[in-house]
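Engineer: Let me give you the structure first, and then I'll get to my questions.
The values are calculated or read from the model by the stated rules, or taken from the named source; none is laboratory data. Computed from a predicted structure; not experimentally measured. Cβ atoms come from the backbone with ideal geometry, glycine included; neighbour counts cover every protein chain shown. What goes into the accessible areas is simple: the full protein's heavy atoms, side chains included, and nothing from ligands, DNA or RNA. Shrake-Rupley method; radii C 1.70, N 1.55, O 1.52, S 1.80 Å.
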Amino acid sequence: FITCLANTEQNLYFYLKDPVKLVLPAGQEISIPPVVLTGPKYKTAGLLFGKDHLMIKVAFHPTGTYRLLGMNMQQTVNKGLNAIEFWGNGANEILALLRQDISYASMIDIISLFIERRFDRSCRAEEPLDRVAIQMLDPLKNHSLEEWAAMSCLSLRQFERNFISRVGISPKLFIRIVRFEFAMKIKNCDSGKT
């Protein structure tokens, strides 16, 4: 059992062995699909793993999933969605290939080819907001929301609206989570810090 803390990540997970369950605060256990698409989290989540566990995590830039799928990322916040609904039967085919007795290097190649094909076929063009969202992952960059919006070539309202659609959460919450993750990283490096 592990507790997942708040994070800004957008991921595609492949669970190749025993099923994984989401454990709700009330103790309920919900089975997770074997291929899961996740977005940012601001609530903790508990995961219960089986004895034979193998997980592959594909991490995307803050707007990467939006660019590949074109979906409003708000629906991924604090959730794991069945990726087959978004990635199609290709995700099932990849899962079957990954479950064969192959090396980790082969697994990476299979997933990379899958993502590259999807990228070549349907990826949206990069916009200034996409580059700005990546820069916002640096907790030491101390820009105001107005400055981030200007770097994105958008008004503040356009920036907030487009950011929520592409990332799933508001830019203000995103920055708070980035700082939280940074604080946790410092704490993990030095357990004596408060």
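Engineer: Would you say SER144 is touching a helix residue (DSSP H, G or I) at 6+ places or on another chain (Cβ under 7 Å), open to solvent by less than 80 Å² (accessible area, probe 1.4 Å), modelled with pLDDT of 95 or more and small (Gly, Ala, Ser)?
Structural biologist: Values: touching a helix residue (DSSP H, G or I) at 6+ places or on another chain (Cβ under 7 Å): no; open to solvent by less than 80 Å² (accessible area, probe 1.4 Å): yes; modelled with pLDDT of 95 or more: yes; small (Gly, Ala, Ser): yes.
Taking the combined requirement at face value, the residue does not satisfy it.
Engineer: Still on this structure, I have one more. Taking only the range 6-23 into account, find how many residues are part of a strand (DSSP E or B) and either under 23 Å from SER170 (Cα atoms) or hydroxyl-bearing (Ser, Thr, Tyr) (or both).
Structural biologist: The number of residues fulfilling the criteria is 6.
Engineer: Let me confirm something: among ILE169, ILE186, which residue is under 19 Å from GLU9 (Cβ atoms), open to solvent by 40 Å² or more (accessible area, probe 1.4 Å) and of a type outside the set (S, T, N, Q)? Reasoning before the result, please.
Structural biologist: Numbers: ILE169 fails: open to solvent by 40 Å² or more (accessible area, probe 1.4 Å).
Only one candidate passes the filter, namely ILE186.
Engineer: Still on this model: Quick one: in the range 74-100, which of the residues that are in contact with a Leu (Cβ under 7 Å, 6 or more places away or on another chain) and open to solvent by less than 40 Å² (accessible area, probe 1.4 Å) is farthest from GLU127 (Cα to Cα)?
Structural biologist: LEU98
Engineer: Give the residues of the range 43-73 that are within 12 Å of the chain's Cα centre (by Cα) and loosely packed, with under 15 Cβ neighbours inside 10 Å, sorted by residue number.
Structural biologist: The initial filter retains those residues of the range 43-73 that are within 12 Å of the chain's Cα centre (by Cα), namely 57-66, 73.
Matches in the range 43-73: LYS57, ALA59.
Engineer: Another question about this same structure. So the check is Cβ under 9 Å with 6+ separation or different chains; which pairs have a first residue in the range 1-27 that's within 14 Å of ASN82 (Cβ to Cβ) and a second one that's acidic (Asp, Glu) and in a strand (DSSP E or B)?
Structural biologist: Partner pairs satisfying both residue conditions: LEU22/GLU29.
Engineer: If you don't mind, there's one more thing I want to ask. Considering each residue of the range 169-194, count those that are in a helix (DSSP H, G or I) and either free of Cβ contacts under 8 Å to residues at least 12 places away in the same chain or of a type outside the set (Phe, Trp, Tyr) (or both), and give that number. Working first, answer last.
Structural biologist: Going through the range 169-194, the residues in a helix (DSSP H, G or I) turn out to be 171-189.
Still in the list and also either free of Cβ contacts under 8 Å to residues at least 12 places away in the same chain or of a type outside the set (Phe, Trp, Tyr) (or both): 171-173, 175-179, 181, 183-189.
Number satisfying all stated conditions: 16.
Engineer: Among what's in the range 101-137 and is surrounded by 13 or more Cβ atoms within 10 Å (Cβ to Cβ) and part of a loop (DSSP other than H, G, I, E, B), pick the residue that is farthest from the chain's Cα centre (by Cα).
Structural biologist: Once the filter is applied, the top-ranked residue is GLU127.
Engineer: Sort out for me the strands (runs of 3 or more DSSP E) sitting completely within the range 24-74 that have 3 or more residues that are out of contact with any Phe, Trp or Tyr (no Cβ under 9 Å at 6 or more places or on another chain). Before the answer, list the steps.
Structural biologist: Working: elements: 29-31, 35-38, 45-48, 55-60.
Qualifying strands (runs of 3 or more DSSP E): 29-31.
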